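Peer 1: One structure coming up, written as structure tokens, with questions to follow.
The values are calculated or read from the model by the stated rules, or taken from the named source; none is laboratory data. Treat the numbers as computed from the prediction; the structure is a model and nothing was measured. Methodologically, a virtual Cβ is constructed for each residue, glycine included, from the backbone with ideal geometry; neighbour enumeration extends over all protein chains shown.
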Amino acid sequence: MTRLDIGSLEALCAIADHGGITRAADHLALSQSAISHKIKRLEDGLGYAVLDRRAGASKFTREGDQLLAYGRRILAIHEEALISLTRRPLKGRLRLGMTEDMANNGLPNILGHFKKLYPDVSVNTTTGQSLHIEQQLENREIDIGVFDTFAHLKRPTDRALHHAPLHWVKAPDFEIDRSKPIPFLAFDPDCFYQKWAMETAPAQDIGFETILTCASSNAIISAVSSGLGVALIGDHCLAADIDIITVIFPQPPSVATVIRTSRHARSEAALALKNCISDAFAPLAHKRTA
């Protein structure tokens, strides 16, 4: 019976997560030939190709995609077993702040995985707007924050999960009347999108008037598609029934989703949680920046 080698599965997942053999080799600190050898060993043992090497083809064959799914599960259990059996158990209490988008984007599942790895670490989680989370970190009210900020405001100590462009949007039939304030839809009174929009409103226009504030991305998208006004949203919120505005308004900065640790939170448990979150989002970071 063919046995699946952990190192070969790591190479396979690294190719998927980092965009090819070259980047996988860099990530695993191996040579490209070593990565290729591991994949060839998998293919020889299984009796079929897992990588589609044709020009312009997708990275994996159908069987390769199936193996990748199994490989991720095997590596996750392998990591969990190693941490549980070989690492000194961590204890403590952590306070985590995250945005609603992150709460809807898989972070609770990651916290569940973290709980299995470190059952004696208690994580108290709250959700809020990005500026509020940033202020909580400054006030030492939370230990770790996962939130959005403009990419140029990212700190050297922040760990970026991904970057994404920001877009002005409106309904297809919404006409912008520049003779009066333009209705603006904001995520919150402290929405940093709104603050930037108000500060950079075109000088020739009267400006913006915030007519709706709502913390829900779905509600903002619904309001835009209903023709209530314009909004600033990220790539992940774009929908078929809204248009991107490419003229009139200034080009908005790109947005980075980051993990930031409070200055006083330097425990092993805090580092473990930070690593757990960033490792889980590494594939997404590559896809959004590739």
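Peer 1: Only strands (runs of 3 or more DSSP E) wholly contained in the range 117-181 count here; list those with 2 or more residues that are closer than 30 Å to Asp241 by Cβ.
Peer 2: 144-150, 159-164, 166-170
Peer 1: On to the next question. Could you figure out which of (1) surrounded by fewer than 18 Cβ atoms within 10 Å (Cβ to Cβ); (2) at pLDDT 95 or above; (3) out of contact with any Phe, Trp or Tyr (no Cβ under 8 Å at 6 or more places or on another chain) isn't true of Arg140?
Peer 2: Unmet condition: (2).
Peer 1: Now for a different question. Do we find that Pro172 is surrounded by fewer than 13 Cβ atoms within 10 Å (Cβ to Cβ) and modelled with pLDDT under 90 in this structure? If you could, list the steps in order and put the result at the bottom.
Peer 2: Working: surrounded by fewer than 13 Cβ atoms within 10 Å (Cβ to Cβ): yes; modelled with pLDDT under 90: no.
Answer is no for this residue.
Peer 1: Then there is this: Could you say whether any residue in the range 169-186 is in contact with a strand residue (DSSP E or B) (Cβ under 9 Å, 6 or more places away or on another chain), of a type in the set (Gly, Ala, Ser) and in the same structural domain as Ile277 (by TED's automatic domain parsing)?
Peer 2: Among the residues of the range 169-186, not one is in contact with a strand residue (DSSP E or B) (Cβ under 9 Å, 6 or more places away or on another chain), of a type in the set (Gly, Ala, Ser) and in the same structural domain as Ile277 (by TED's automatic domain parsing), which makes the answer no.
Peer 1: Pick out the one residue from Gln204, Gln129 that is at pLDDT below 90 and closer than 24 Å to Ile220 by Cα.
Peer 2: Gln129
Peer 1: Enumerate the pairs (first residue in the range 92-110 and in a loop (DSSP other than H, G, I, E, B); second residue anywhere and aliphatic (A, V, I, L, M) and surrounded by 21 or more Cβ atoms within 10 Å (Cβ to Cβ)) with beta-carbon separation below 8 Å, excluding pairs fewer than 6 apart on the same chain, so at least 6 apart or on different chains.
Peer 2: Thr99/Ile133; Thr99/Val146
Peer 1: Just for the range 190-240: of the residues that are assigned to a loop (DSSP other than H, G, I, E, B) and under 24 Å from the mean Cα position of the chain (by Cα), which one is farthest from Lys154 (Cα to Cα)?
Peer 2: Keep residues of the range 190-240 that are assigned to a loop (DSSP other than H, G, I, E, B), which gives 190-191, 200-207, 214-216, 226-229, 238-240.
Applying the additional criterion that residues be under 24 Å from the mean Cα position of the chain (by Cα) yields 190-191, 214-216, 238-240.
Numbers: Asp190: 18, Cys191: 17, Cys214: 25, Ala215: 22, Ser216: 24, Leu238: 24, Ala239: 28, Ala240: 31 Å.
Per the stated criteria, the residue is Ala240.
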